Amino acid sequence: MQQNFFMVEIEHETESLDGKADISCLGLGSDGNSYSLKRLSDESLLPATEWVCHTLCRTVGIATPDFLQVKRKSGDIAFATRIEESAFRIQPHVKGQEPIQVQIARTFSSTVILHSRIYGLDAAVGNPARGLPSFLFRQTPFGLLPMATDFKKAWVIQEKPFGTVPWEQYSLSSEVSKYFYKLGVFEAPEARDTIEKLCALPDSVLQDALNTCHPSWVQGHDWTPTLDMWAQRQSQLKLLAMQNFNSMP
């Protein structure tokens, strides 16, 4: 999470038509950076969902792009992730690219532990839509770093206390994680360990994340069922999330 003394203002916006999983609107900030924006006009609970899920990622050691709150010309406050020009993602079905199995073998074989942890967090926040383009990769001196991004179908977006927990049988997250497992590029123990870490966090973590949302993102919604489920995370949420990996030793 990036903190600024003055809130970054979005000087120019454009709708994105390139089909990238987490980008529907691009913005140029007053700080000179480009951002992917999630707006109240996209879905009233989307900015809060992205903020809380990205915050939980950072809390359990999962990398994300830099994220912050930005002010649009309309005066609305949007959730924003900074676009890293050197980062890349796998785009299936793009003409002229290598077969998808080759892309997966080359990219995900070196990040097995890290991307397995992302699926563990997705299981706990009920994110059913973690497909290949939902991973953003950054090259570091220590190798590829997968970053979690795009929670637009997770958590309270699903009109349930914690989203789709467990995932539905044929959800994208379920199908892709099982496919990775068959290819030998998924470690279910790492996913389970991430669920354990998330559920071992202090009771205050979720409320603190909500408290740091912009007020316009959380007003008008009853957060009691979500906070109640978080309070029961060891006896309820953890058991439900773990079901996603029952078929994987």
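For the chain, with only Lys/Arg (+1) and Asp/Glu (-1) charged at the beta-carbon, what is the dipole magnitude about the Cα centre, in debye rounded to 20?
Details: 23 positive and 28 negative charges, 109 e Å.
Charge dipole, the chain, about its Cα centre: 520 debye, nearest 20.
What does the helix-only formula give at 222 nm for the chain: each DSSP H stretch with n ≥ 4 adding -39500 (n - 2.57), the total divided by the residues, and the result rounded to the nearest 500 deg cm²/dmol? Working shown, then result.
Values: 9 runs with 85 residues, N = 249.
Rounded to the nearest 500, it is -10000 deg cm²/dmol.
Alpha carbons only, please: Rg and Dmax for segment 112-183, in angstrom.
Spelled out, the Cα radius of gyration and Dmax of segment 112-183 are 12.5, 41 Å.
For segment 33-143, what is the convex hull volume of its Cα atoms per residue in Å³? Write out the running numbers ahead of the final one.
On the way: hull volume 15.7 nm³, N = 111.
Value for segment 33-143: 142 Å³ per residue.
Would you check the chain for Lys pairs whose C-alpha atoms are within less than 16 Å, ignoring same-chain pairs closer than 8 in sequence, and give me the count?
The number of close lysine pairs in the chain is 11.
Starting from 0 in steps of 10 Å, tell me what percent of the Cα-Cα pairs of segment 113-249 lands in each bin.
Spelled out bin by bin, segment 113-249 gives 12, 42, 33, 12, 1 percent.
With springs connecting C-alpha atoms under 10 Å apart, model the chain as a Gaussian network and identify which of Asp222, Asp42, Asp122 has the largest mean-square fluctuation.
Looking only at Asp222, Asp42, Asp122, the largest GNM fluctuation is found for Asp222.
At a temperature of 4 °C and a viscosity of 1.567 mPa s, determine how fast segment 192-245 diffuses translationally according to Stokes-Einstein, using the Kirkwood radius over alpha-carbon pairs as Rh; express D in µm²/s, rounded to the nearest whole number.
Value of D from the Cα-based Kirkwood radius: 106 µm²/s.
Given the peptides 151-157, 135-141, arrange them by the average over their residues of other C-beta atoms within 10 Å, most packed first. Could you put the intermediate results ahead of the total?
Details: 151-157: 23.3, 135-141: 15.1.
Ranked by mean Cβ neighbours within 10 Å, highest first: 151-157, 135-141.
Taking only the C-alpha atoms, wrap a convex hull around the chain and report its volume per residue in Å³ as a whole number.
Working: hull volume 32.9 nm³, N = 249.
Roughly 132 Å³ of hull volume per residue.
Any read-out appearing in this document is the output of simple, stated calculations on the displayed coordinates, not a laboratory observation. In this text, all values refer to a predicted model and were calculated from it rather than measured experimentally. Cβ sites come from the backbone with ideal geometry, for glycine too, and all protein chains shown count toward neighbours.
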